[in-house]
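The values are calculated or read from the model by the stated rules, or taken from the named source; none is laboratory data. None of the values given here were measured: they were computed from a predicted structure. A quick note on method: Cβ atoms are made from the backbone with ideal geometry, for glycine too, and the neighbour counts reach across all protein chains shown. Ligands, DNA and RNA are excluded from the accessible area calculation, which covers all protein heavy atoms including side chains. Shrake-Rupley method; radii C 1.70, N 1.55, O 1.52, S 1.80 Å.
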Amino acid sequence: MPEAEASNALPIRLVPRRAPKAWGEELWLNSTRPEFPAKIAGGRGTLAQALARRPHWLGPWCRRLFGDELPVFAKLIRTDFPPLAHVGFKTLVRPQEFLTWIIREQDLLAALRRSLRAPDERSFQAFGRAYGSWTAERTRTGWSADPDRDAAFAGELERFSRLAAADAARLVDDMRRSRQRLVGVLNETDLKREAGNLLLIQA
C-alpha cells in the first residue's frame, strides 16, 4: 500500500466464519469466497469487500500472479472421524491405476447419492449419522470386513434409499472394498501422535 496509508494503517481483525458439515465443521479464517466470507470486526463489512476497494493491499507480486483476488485462505477443520490422515504412498502404484481406483470410488459415492431417499432434513441427518458411524468404525480397522456391522449399515441404507436389501448390501461391500484398496497403499498418520508438529501435505 502507499507509504502514507501504510504509516497510518492499523491491523484488521477478522471474524472467521463457521461452515457446518455433516461430519463436523470448518472454520474459514480469512476467506474471501462467497460461501463463507470472513468479516471484519466492528461491522465494517467483509474482507472481500475491503480488498475490492483496496486491491493494492494484496501487494504487487500477488496481483501480478493472481489478479485482484486473494488466491489462498486458511481454515481449521473439526471432524467427528478418527484423527487419521493418509500422507504419501507406502506401496508403488502406477498413477493411471490409482486414478482408476479414485474414479471407481467417485462412481460408488455417486451411486449412493442417487439412491438416497431423504424427504426432509431430519431424515437426511439420520442417514448422515448412520453413514458417519459406519465409516468411522471401518476407518479404525483399515476398512477390513465386519459382516455384522456392514450388514447393519446396509439395513440402514435400505431404510434411507430406494435400494432393495441385496443391492444395499452389494453397494456397502463395494464401497468398503474400494476404500480398503485405496488406504492400503497409503501411509497412515495418527494425528494425535503428531500434536505440536507441522505437517506439510501437498493438495
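Looking at segment 114-136, which of its residues are in a helix (DSSP H, G or I) and either more than 26 Å from ASP148 (Cβ to Cβ) or small (Gly, Ala, Ser) (or both)? Passing the criteria: ARG114, SER115, GLU121, ARG122, SER123, ALA126, GLY128, ALA130, GLY132, SER133, ALA136. Exactly one residue out of ASP174, ASP150 is touching a residue at least 12 places away in the same chain (Cβ under 8 Å), in a helix (DSSP H, G or I), touching a helix residue (DSSP H, G or I) at 6+ places or on another chain (Cβ under 7 Å) and over 17 Å from ARG114 (Cβ atoms), and it is ASP150. When PHE36, PHE73, PHE81 are screened for being at pLDDT below 90, under 21 Å from the mean Cα position of the chain (by Cα) and surrounded by 15 or more Cβ atoms within 10 Å (Cβ to Cβ), only PHE73 passes. Within this structure, LEU108 passes the test of being farther than 29 Å from LYS192 by Cα and in contact with a Leu (Cβ under 8 Å, 6 or more places away or on another chain).
For segment 87-105, the set of residues classified as open to solvent by 50 Å² or more (accessible area, probe 1.4 Å) and not acidic (Asp, Glu) consists of PHE89, LYS90, THR91, LEU92, ARG94, PRO95, GLN96, LEU99, THR100, ILE102, ILE103, ARG104, listed by residue number. Of the residues LEU108, LEU157, the single one that is closer than 27 Å to THR189 by Cβ, open to solvent by less than 60 Å² (accessible area, probe 1.4 Å) and in a helix (DSSP H, G or I) is LEU108. Taken over segment 55-98, the residue count meeting the criterion of being part of a helix (DSSP H, G or I) and under 30 Å from SER31 (Cα atoms) is 11. GLN125 fulfils the conditions (1) loosely packed, with under 15 Cβ neighbours inside 10 Å; (2) within 20 Å of ILE102 (Cα to Cα) except for a single criterion, (2).
Test ASP148 against the stated conditions and say whether it is more than 22 Å from the chain's Cα centre (by Cα) and either under 20 Å from PHE89 (Cβ atoms) or open to solvent by 80 Å² or more (accessible area, probe 1.4 Å) (or both). Spelling it out, ASP148 is indeed more than 22 Å from the chain's Cα centre (by Cα) and either under 20 Å from PHE89 (Cβ atoms) or open to solvent by 80 Å² or more (accessible area, probe 1.4 Å) (or both).
Counting only residues that are out of contact with any Gly (no Cβ under 9 Å at 6 or more places or on another chain) and of a type in the set (S, T, N, Q), segment 146-188 holds 2 of them.
Of all residues in segment 43-70, those that are surrounded by fewer than 16 Cβ atoms within 10 Å (Cβ to Cβ) and among the acidic types (Asp, Glu) have Cβ atoms under 9 Å from Cβ atoms of residues that are part of a loop (DSSP other than H, G, I, E, B) and at pLDDT 90 or above, 6 or more apart or on another chain, in GLU69/THR32. Which ones in segment 1-33 are modelled with pLDDT of 90 or more, under 25 Å from ASP80 (Cβ atoms) and exposed (fewer than 13 other Cβ atoms within 10 Å of the Cβ)? Within segment 1-33, just ARG18 meets the criteria. When you scan segment 72-85, do you find a residue that is over 28 Å from ALA136 (Cβ atoms) and touching a helix residue (DSSP H, G or I) at 6+ places or on another chain (Cβ under 8 Å), even just one? Within segment 72-85, not a single residue is over 28 Å from ALA136 (Cβ atoms) and touching a helix residue (DSSP H, G or I) at 6+ places or on another chain (Cβ under 8 Å).
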